[in-house]
There are 2 protein chains.
Amino acid sequence: MFVLGVDPGLTRCGYCVLRVSRHKTEAVALGVLRTDPASPVPVRLAELWADIRQLLNEFSPQAVAIERVLFQTNVRTAMSVAQASGIVMAEAASRGMAVVEYSPNQVKDAVAGYGGADKEQVQQMVQVLLKLDAPPRPADAADAAAIALTHVAFTAGLQFAAVRGAST
Amino acid sequence: MFVLGVDPGLTRCGYCVLRVSRHKTEAVALGVLRTDPASPVPVRLAELWADIRQLLNEFSPQAVAIERVLFQTNVRTAMSVAQASGIVMAEAASRGMAVVEYSPNQVKDAVAGYGGADKEQVQQMVQVLLKLDAPPRPADAADAAAIALTHVAFTAGLQFAAVRGAST
């Protein structure tokens, strides 16, 4: 089973595809979709949309987990994040895929064991859980991996905090 | 030539298709696309997207004019408006259609003659300009018509204020 995690954004949209089996969860695709800030917004949205379609075509994930868009200080950024998330959700839902939103605190709680975890702690846990040589870069890719892992945790009733305890 | 005007929204998305010829501008489609607030957001976005595709398939507008999403007091509403606008812009841009955003003040200025016009004045001008028996209802449809008329005005260098002066 594949799960796609998305950290929505227009300049950088993080993505992570996890292959989840009974005994193993591994990242089979991890990275960032970028669009040129100098291009008009509608063109950038269309480009992001094409990239998302390609990811969904390639992996046909059973579920798409996406970070819930919250109010941000920078309204312009919040708007473009909302536009990007709308495209991902609409495309996945039209294909009949499950789309689940998680708040930043849910992600921190599921992956690092408590809602107050900082970004570095989350990234280190992503590295540990996916057995990577280093935390994924850029940060948006790591965030997308954390969101996908959150979905796996919620679905399986896993407690990654216990895993963390075992690894430290 | 057809112009599609869109007042983006998830619960009610206003639309208006104008047929623009050298001597006449008329509304050939005018209404509201609705989604059920009780459904999950991704499903609603997918439904809106299907409706937008159908409109674009039917009329192949040369341009899509859409109200620019500004900060609103209700953050949740602003987010869903941004998500809806993202879908419309991405779909139109993927088809190579021109997508133009107009601010509420630009619309008031173009249609009613000044940026401080109230909603009723804009709706009355829509009625006059499109020779309708009454202002379009619901208001979202009238707003979409105003946005489409704004694009016509900007494109043609028209001054609807002068038309208003002549008609009163």
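The values are calculated or read from the model by the stated rules, or taken from the named source; none is laboratory data. The structure presented is a predicted model; accordingly, all values stated were derived computationally and were not measured. Heads up, the Cβs are rebuilt from the backbone with ideal geometry, glycines too, and the neighbour counts pull from every protein chain shown.
Which one is surrounded by the fewest Cβ atoms within 10 Å (Cβ to Cβ) among residues in region A:144-168 that are at pLDDT 85 or above, touching a strand residue (DSSP E or B) at 6+ places or on another chain (Cβ under 9 Å) and among the hydrophobic types (A, V, I, L, M, F, W, C)? So that I can check it myself, show each step before the final result.
Taking region A:144-168 as the starting set, the residues that turn out to be at pLDDT 85 or above are A:144-155.
Within this subset, residues satisfying the condition of being touching a strand residue (DSSP E or B) at 6+ places or on another chain (Cβ under 9 Å) are A:144-152, A:154-155.
With among the hydrophobic types (A, V, I, L, M, F, W, C) added as a condition, the list becomes A:144-149, A:152, A:154.
On the way: A:144: 33, A:145: 30, A:146: 31, A:147: 32, A:148: 34, A:149: 28, A:152: 21, A:154: 15.
Applying the filter and picking the extreme gives A:154.
For region B:1-10, enumerate the residues that are closer than 27 Å to residue A:93 by Cα and either among the aliphatic types (A, V, I, L, M) or more than 14 Å from chain A (Cβ to nearest Cβ) (or both).
Result: B:4, B:5, B:6, B:7, B:10.
Limited to region A:72-92, what total is found for residues that are more than 16 Å from residue B:88 (Cβ to Cβ) and modelled with pLDDT of 95 or more?
Of the residues in that region, 1 qualify.
Condition first: modelled with pLDDT of 95 or more and more than 9 Å from chain A (Cβ to nearest Cβ). Can you find one or more residues in region B:39-51 that meet it?
yes
Is region A:20-27 home to any residue that is in contact with a Phe, Trp or Tyr (Cβ under 7 Å, 6 or more places away or on another chain), among the aliphatic types (A, V, I, L, M), more than 13 Å from chain B (Cβ to nearest Cβ) and surrounded by fewer than 24 Cβ atoms within 10 Å (Cβ to Cβ)?
Step one: filter region A:20-27 for residues in contact with a Phe, Trp or Tyr (Cβ under 7 Å, 6 or more places away or on another chain), giving none.
No; the residues of region A:20-27 include none that is in contact with a Phe, Trp or Tyr (Cβ under 7 Å, 6 or more places away or on another chain), among the aliphatic types (A, V, I, L, M), more than 13 Å from chain B (Cβ to nearest Cβ) and surrounded by fewer than 24 Cβ atoms within 10 Å (Cβ to Cβ).
In region B:72-106, what count of residues is obtained for those that are charged (D, E, K, R), crowded, with 17+ Cβ neighbours inside 10 Å and in contact with a helix residue (DSSP H, G or I) (Cβ under 7 Å, 6 or more places away or on another chain)?
Matching residues across region B:72-106 total 1.
Of these, A:69, A:64, which one is within 13 Å of another protein chain (Cβ to nearest Cβ), modelled with pLDDT under 95, crowded, with 19+ Cβ neighbours inside 10 Å and within 19 Å of residue A:146 (Cα to Cα)?
A:69
I need the full set of residues from region B:81-123 which are polar (S, T, N, Q) and more than 8 Å from chain A (Cβ to nearest Cβ), in order please.
B:103, B:105, B:106, B:121, B:123
Can you confirm whether region B:99-108 contains a residue that is aromatic (Phe, Trp, Tyr) and closer than 22 Å to residue B:61 by Cβ? Even if it seems obvious, please write down each step before you answer.
Restricting attention to region B:99-108, the residues satisfying the condition of being aromatic (Phe, Trp, Tyr) are B:102.
With closer than 22 Å to residue B:61 by Cβ added as a condition, the list becomes B:102.
Checking region B:99-108: at least one residue is aromatic (Phe, Trp, Tyr) and closer than 22 Å to residue B:61 by Cβ.
Tally time: how many residues in region A:112-149 are aliphatic (A, V, I, L, M) and under 19 Å from residue A:63 (Cβ atoms)?
Qualifying residue count, region A:112-149: 10.
If I ask for residues that are under 15 Å from residue B:67 (Cα atoms) and surrounded by fewer than 20 Cβ atoms within 10 Å (Cβ to Cβ), which ones from region B:107-143 would you list?
Hits for region B:107-143 are B:109, B:115, B:119, B:139.
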